[in-house]
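Take a look at the structure set out below.
The values are calculated or read from the model by the stated rules, or taken from the named source; none is laboratory data. None of the values given here were measured: they were computed from a predicted structure. Positions of Cβ are generated from backbone atoms using ideal geometry, with glycine treated the same way; all protein chains shown enter the neighbour counts. Side chains included, ligands, DNA and RNA excluded: accessible areas come from the protein's heavy atoms. Shrake-Rupley method; radii C 1.70, N 1.55, O 1.52, S 1.80 Å.
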Amino acid sequence: MSDQSRRPRRPAKPYRRPKKDPVRVLAFDALRAVDERDAYANLVLPPLLRRAREAGDFDARDAALATELVYGTLRRQGTYDAVLAACVDRPLGDVDPPVLDVLSLGVHQLLGTRIPQHAAVSATVELARVVLGDGRAKFVNAVLRKVAQADLDGWLERVAPPYDEDPEDHLAVVHSHPRWIVSALWDALGGGRAGIEDLLEADNERPEVTLVARPGRATTEELLREEAAEPGRWSPYAVRLTEGGEPGAVDAVREGRAGVQDEGSQLVAVALANAPLDGPDRAWLDGCAGPGGKAALLAALAAERGAVLLASEKQPHRAGLVARALAGNPGPYQVVAADGTRPPWRPGTFDRVLMDVPCTGLGALRRRPEARWRRRPEDLDGFASLQRALLQTALESVRVGGVVGYATCSPHLAETRAVVDDVLKQHGGAELVDARPLMPGVPALGDGPDVQLWPHLHGTDAMYLALVRRTR
């Protein structure tokens, strides 16, 4: 008998049940919903957090960490995919999506947070054991240990092409945007490396929560009594919650007297309301009113002047959201479900018209980071004819001497100036009004007469506004 055969066998390690980490499991569930159902994180995450709090699993710090894991992973997905591609021995498309979500969460903890390296790896491997099983957890462990061999700057030097060789691809990898979006934003900015890098980086920052005090129903003074509340930068109705405050905890928001609304959207509505006008000022139209934020502000401003707002929205369920936003308005208003390209109202009915048209949403990538990975260049063609038709309807709906506000939450030139220029050439009886004086105090508004707002310059979504007066 050999010496080896006489050695006692080591007892097998007892099976250890994986420890369920509620924060990381919730973050994983949110990413799966975004991936599987094309959901938006800003819609998926709040109910998940609410249920976790109600179950007693979460406190405020847990909720903050879960939010950072979800949004940080989505914002930096392009960068993290480039890193993972260098660490995985197969194309990322061949990795099961749930495994890729776990890996991405781990990479974000390693490269995008201050979580200690050993904790980031062990917590992610434990998550993998819970949601994927022991076999795939070993794969996750092996990949993350490769990722942990360098920090973010070190990885970017390896996976991003040099700027001098391919500037657009370099920026796409470093700042986690699809290349075509980098190109489009750069065109809209008008060139220069500093500006585009500042913009792309601003897209990856978590935006502050901004409230709007609806005139006649709430005041900024009331909202400023909330904890960590500060005045807005530009809009007279804006208040910022600077420490990630919960808007649902604000009485005026719960009661509908105030709302959550980006300051850029407020500026667009206020500029239209204050545009110079000859003749009567009694009838206003919001032609694409859903979900109702701009309509609620316009209706309140109209009420102050004795005017009436008609809020029109094509989709009935979104028209319901508009009606909810306008409920309690201090003056008369009406909400209808109607197709803005085939309106039920007569031509020349309105003195002021806002047409905030459907678009790619490239101006709100801070709030909906997953949108950058879903949009494709061909989406522009799908919106082009609708945007032109809606602006044409707006010009037909306003009286001679009245003003139309054409707005998009996209800075893409194909959705902004190209649309306005085309429709004005076809119409022949309208002229642009300089929108810049109607945003007093707001810097860097360009050469006009239209206005493009920017996250990196104004702290707002990248809203576009062109004001058009009908002349005949």
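Quick notes
- Size estimate for the range 196-264 follows the Kirkwood approach: the inverse of mean 1/r over distinct Cα pairs works out to 12.4 Å.
- The fraction of accessible area contributed by carbon and sulfur in the range 14-92 is 49 percent, rounded to a whole number (1.4 Å probe; ligands and nucleic acids excluded).
- With all protein chains modelled, accessible area of Phe28 [1.4 Å, Å²]: 20 Å²
- Placed amide H near Ala283: partners under 5 Å, 5+ positions off or other chain: Val308, Asp351, Arg352
- Comparing His427, Pro161, Leu31 along the charge dipole axis of the chain, the residue lying farthest to the positive side is Leu31, per the Cβ-charge model.
- Nearest-20 debye value, the chain charge dipole, Cβ charges on Lys, Arg, Asp, Glu: 1800 debye
- The range 78-177, accessible area per residue, ligands and nucleic acids excluded (1.4 Å, Å²): 45 Å²
- Charge dipole (the range 328-385, unit charges on Cβ, about Cα centre) - positive-most of Trp373, Pro344, Thr360: Trp373
- Net charge dipole, the range 345-472: roughly 240 debye, given to the nearest 20, about the Cα centre with Cβ charges of +1 for Lys and Arg and -1 for Asp and Glu.
- With all protein chains in place and a 1.4 Å probe, the accessible surface of the range 431-472 carries 50 percent carbon and sulfur.
- For the range 459-472, Karplus couplings with θ = phi - 60° (6.51, -1.76, 1.60), whole Hz, Gly/Pro x: x, 10, 5, 7, 7, 10, 9, 10, 9, 10, 9, 7, 9, 7
- Using C-alpha pairs below 8 Å separated by at least 6 residues, the relative contact order for the chain is 12 percent.
- Distances between placed amide hydrogens fall under 5 Å for His177 paired with no residue 5 or more residues away or on another chain.
- Simple Cβ-charge dipole of the range 267-377, Lys/Arg +1 and Asp/Glu -1, about Cα centre, in debye nearest 20: 680 debye
- ³J(HN,Hα), Karplus 6.51/-1.76/1.60, whole Hz, each residue of the range 247-253, x for Gly, Pro: x, x, 8, 8, 4, 5, 6
- Extension gain, Glu243 to Asp278: 0.36 nm times the residue separation minus the Cα-Cα distance gives 8.2 nm.
- Karplus-based coupling profile of the range 55-69, in residue order and whole Hz: 7, x, 7, 10, 10, 4, 5, 4, 4, 5, 5, 4, 5, 5, 5, with θ = phi - 60° in 6.51 cos²θ - 1.76 cosθ + 1.60 and x standing for Gly or Pro.
- Solvent exposure of the range 351-468 as accessible area per residue, Å², 1.4 Å probe: 33 Å²
- A Förster radius of 41 Å combined with the Cβ-Cβ distance from Ala444 to Ala142 puts the calculated FRET efficiency at roughly 0.25.
- Lysines whose Cα lies under 25 Å from that of Lys20, excluding same-chain neighbours fewer than 8 positions away: Lys138, Lys146
- Beta bridges from DSSP with both residues in the chain: antiparallel share about 55 percent, rounded to the nearest 5.
- Fully extended contour minus Cα-Cα distance, from Ala60 to Lys19, at 0.36 nm per residue: 12.6 nm
- For Kirkwood radius over Cα pairs in Å, the value calculated from this model appears in (1) 24.4; (2) 23.3; (3) 26.8 under label (1).
- Rounded percent of accessible protein surface that carbon and sulfur make up, the range 207-289, 1.4 Å probe: 46 percent
- Modelled spin labels at Val400 and Gln334, positioned 7 Å past Cα toward Cβ, are 2.5 nm from each other.
- Other-chain or far-sequence residues with amide H under 5 Å of Thr460's (modelled H): Trp454
- Selected from Pro116, Leu84, His175, residue furthest toward positive end of dipole (the range 76-187; charges at beta carbon): Pro116
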